[in-house]
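The values are calculated or read from the model by the stated rules, or taken from the named source; none is laboratory data. Every value quoted in this text rests on a predicted model; they were computed, and no experiment measured them. Neighbour counts run over all protein chains shown; Cβ positions are idealised from the backbone, glycine included.
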Ligand SMILES: Nc1ncnc2c1ncn2[C@@H]1O[C@H](COP(=O)(O)OP(=O)(O)O)[C@@H](O)[C@H]1O
Ligand SMILES: [Mg+2]
């Protein structure tokens with residue numbers, strides 16, 4: 001394991017203060033936040049733009065609706081329950097199957113319906129939500145990941161994060177769940193982040209718990225050189241995140257379903273900065289280049305082609 005930080009400082013890494021002052025504040029008007037801070041709203045928005053998302057099985061909006069859960073879950077062998085206003089993977093319950101009347105989690109442990117009820121009640125109380133406000137619980141389709149990730153994924157669904165600045169995809173990372181992250185691909189839950197070459201969609205370097213690594217901690221598989229299928233289409237869809245929200249600095253998350261292809265999971269108006277560690281590259285030079293050309297690039301296609309030609313490894 002190497003310490004990546006010395007190299008990163010030279011590479012123009014953007015820190016939290018600069019991200020907020022120079023990129024988030026000027027480009028993300030507060031009035032647009034409701035579009036991305038509630039996953040129900042984001043789903044609608046994506047669908048109206050022709051983007052695919054995991055099917056919604058049901059929404060529990062208030063404590064008296066919790067009794068509807070058995071009916072929502074009845075038809076589903078696998079599903080995901082998440083807080084509408086959650087972040088960082090908090091409060092997400094991934095159920096990958098059933099055994100009798102119990103539910104199987106990605107690590108093969110079993111939970112009873114009572115525990116699912118309890119989890120949903122906690123979501124409604126705001127335990128996992130922005131500002132601790134009362135929340136809704138979404139029940140949705142559990143993604144079955146694309147076989148391209150079979151070798152490197154571990155107990156859960158990898159996701160792809162793309163940072164889009166003024167409509168231009170500038171940096172990307174593939175996040176892989178680990179034993180520790182309990183089926184979720186969020187770095188703060190212990191998932192691993194792999195840099196992705198914007199030109200080709202191929203994985204490069206990786207970070208786990210703030211350290212550079214070159215193998216998955218559980219499977220011990222080398223993680224570089226995996227090519228994400230349909231890469232240009234993913235870039236196109238990420239750039240649409242800008243078109244449909246108007247947010248100038250955005251993190252767009254996708255999962256690749258083996259049957260349904262790319263599904264947009266969420267949009268993030270304050271995307272984290274560890275993507276730079278995963279790529280061993282700073283965002284700053286790319287954001288400055290994007291600033292120079294953003295006014296000239298008119299269409300989604302132009303912005304995607306520019307990104308592929310400019311930010312490749
Ligand atoms: N429908 C789903 N099917 C399978 N895994 C999912 C699903 N939704 C979320 N996950 C897992 O949980 C992680 C976090 O989900 P996300 O919707 O982005 O919420 P958050 O805002 O908490 O990051 C994803 O990266 C993925 O690994
Ligand atoms: Mg997410």
Listed by range, helices (runs of 4 or more DSSP H) wholly within the stretch 28-103 having at least 1 residues that are within 16 Å of ligand 2 (Cβ to nearest atom) and under 20 Å from residue 185 (Cα atoms) are 34-37, 39-48
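This table checks each residue for (1) more than 16 Å from residue 45 (Cβ to Cβ); (2) at pLDDT 95 or above.
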site: 219; (1), (2): yes, no
site: 236; (1), (2): yes, yes
site: 241; (1), (2): no, yes
site: 295; (1), (2): yes, yes
site: 304; (1), (2): yes, yes
If we scan the stretch 106-117, do we find a residue that is in contact with a strand residue (DSSP E or B) (Cβ under 9 Å, 6 or more places away or on another chain), within 23 Å of residue 143 (Cβ to Cβ) and within 15 Å of ligand 1 (Cβ to nearest atom)? yes
Wholly within the stretch 119-213, strands (runs of 3 or more DSSP E) carrying at least 3 residues that are within 13 Å of ligand 1 (Cβ to nearest atom), within 16 Å of the chain's Cα centre (by Cα) and surrounded by 23 or more Cβ atoms within 10 Å (Cβ to Cβ): 159-165, 168-176
Per-region count, the stretch 230-252, residues out of contact with any helix residue (DSSP H, G or I) (no Cβ under 6 Å at 6 or more places or on another chain) and not in a helix (DSSP H, G or I): 2
If residue 255 passes every condition in (1) under 23 Å from residue 185 (Cβ atoms); (2) in a loop (DSSP other than H, G, I, E, B); (3) out of contact with any helix residue (DSSP H, G or I) (no Cβ under 9 Å at 6 or more places or on another chain) but one, which one does it miss? (2)
Looking at the stretch 87-122, which of its residues are in contact (Cβ under 8 Å) with a residue 60 or more places away in the chain and closer than 14 Å to residue 63 by Cα? 120
